[in-house]
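See below for the structure under consideration.
None of the figures in this text is laboratory data; all of them are computed from the coordinates on show. In this text the structure is predicted, and so the values were computed from the model without any measurement. Cβ placement follows ideal geometry from the backbone for every residue including glycine, while neighbour counts extend to all protein chains displayed.
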Amino acid sequence: MINPNRFALNRIVAPALGLSEFFDLAASLGMEAVELRNDIRDSSVTDGIEGPKVLRMAKAAGTNGVKIITINALQQFNLPSARMKALGELESLLTLCRELECPALVLCPNNRPDDQRTAEQKYHDTIEALNTYAPLFSTAGILGYIEPLGFEISSLSSAEVALKAIGESGASCYRVLIDTFHSYLGPDKPEFFGDPSVIEKIGLVHVSGVEASIEKSAFTDAHRVLPGPKDIMKSAELVHKLELAGYKGFYSFEPFSPEIQSLEKNELAGIVRNSIKYIQEVCL
């Protein structure tokens, strides 16, 4: 059975909660880890609160505190025209990671329909970006988690391709972030996630579920709820595959559904507990 302390909360699950409340929610669920974001509260990761104070708040949550395991995310990391902006943001985010004792920063690829680059160009631009950012990550002592986005318009939709690009970069500061939603939408075959050689290169797994009766091509972030028996993506089964292959890291809940985000805190806690229990039962 997966230990409850291997589950984490991404702040998108309850964006209306203040940081202290969010940390306390995670701790009350027996969790030891959370993810913060820079697309909530006017793009401020810490709601305008100084990093050291946020770190103290996290350590004071519950009995043993919670650890901030990622900041999500540096966007358009592999788009050359956005490189200078990304470099400025990266330096600021890495500084904040250090202040928060956060070990990793998530990097998301360009995901816009006006991207006219060929697949080959996108791949080589991804490698170039990884090479450009690697010295900054290494100097800061922070890891970069590359998150493929499975949408058709994404410039990096495959975890397999992401790992190949990381390998070609030669940088040791990168890992791949697996997201059950994007893995379902993307091109990677199920057996890819059962390969032990892949598992050792995974930094984190995002989990969510979809229960809407719609075509896969119509999926949006707003359809993402918590995994349960009605999840048509079978996210818990992917978790089971990762477990069997030897994954020992965190599973972080990342539901974007407004229905989940608007729940009262106690009701949300109950639904999260039910999802944890469901995933544990599938993985028995």
Original post:
Taking the Cα centre of the chain as the origin, how large is its charge dipole in debye, to the nearest 20, when only Lys and Arg (+1) and Asp and Glu (-1) carry charge on their Cβ atoms?
Top reply: 480
**OP:** Kindly list the residues of region 134-163 that lie in the label zone of A245, defined by a backbone N under 11 Å from the point 7 Å along the Cα-to-C-beta vector.
**Re:** 159-160
Original post:
List the chymotrypsin sites (Phe, Trp or Tyr not before Pro) in region 222-252 that DSSP assigns to loop (not H, G, I, E or B) and whose Cβ has at most 10 other Cβ atoms within 10 Å. Which are they?
Top reply: none
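Report, in deg cm²/dmol and to the nearest 500, the calculated mean residue ellipticity at 222 nm for the chain, where each DSSP H run with n ≥ 4 adds -39500 (n - 2.57) and the sum is divided by the residue count.
-12000 deg cm²/dmol
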Subject >> Modelled FRET efficiency - R0 22 Å, A269 with K59, Cβ distances, 0.05 increments >> reply: 0.60
Subject >> Alpha carbon convex hull of the chain, volume per residue in cubic angstrom >> reply: 121
**OP:** For region 262-271, take each phi angle, set θ = phi - 60°, evaluate the Karplus expression 6.51 cos²θ - 1.76 cosθ + 1.60, and give the result in whole Hz per residue in order, putting x for glycine and proline.
**Re:** 8, 5, 5, 4, 5, 5, 4, 4, x, 5
Subject >> Nearest-0.05 FRET efficiency for L136 and D39, computed from C-beta distance (R0 22 Å) >> reply: 0.55
Subject >> trypsin sites (Lys or Arg not before Pro) lying in DSSP loop within region 210-252, provided at most 12 other Cβ fall within 10 Å >> reply: K230, K248
Original post:
Tell me, which cysteines of the chain are without a disulfide-compatible partner by the Cβ under 4.7 Å rule?
Top reply: C108, C173, C283
Original post:
For region 1-71, how big is Rg over Rh, using alpha carbon atoms and the Kirkwood form of Rh?
Top reply: 0.95
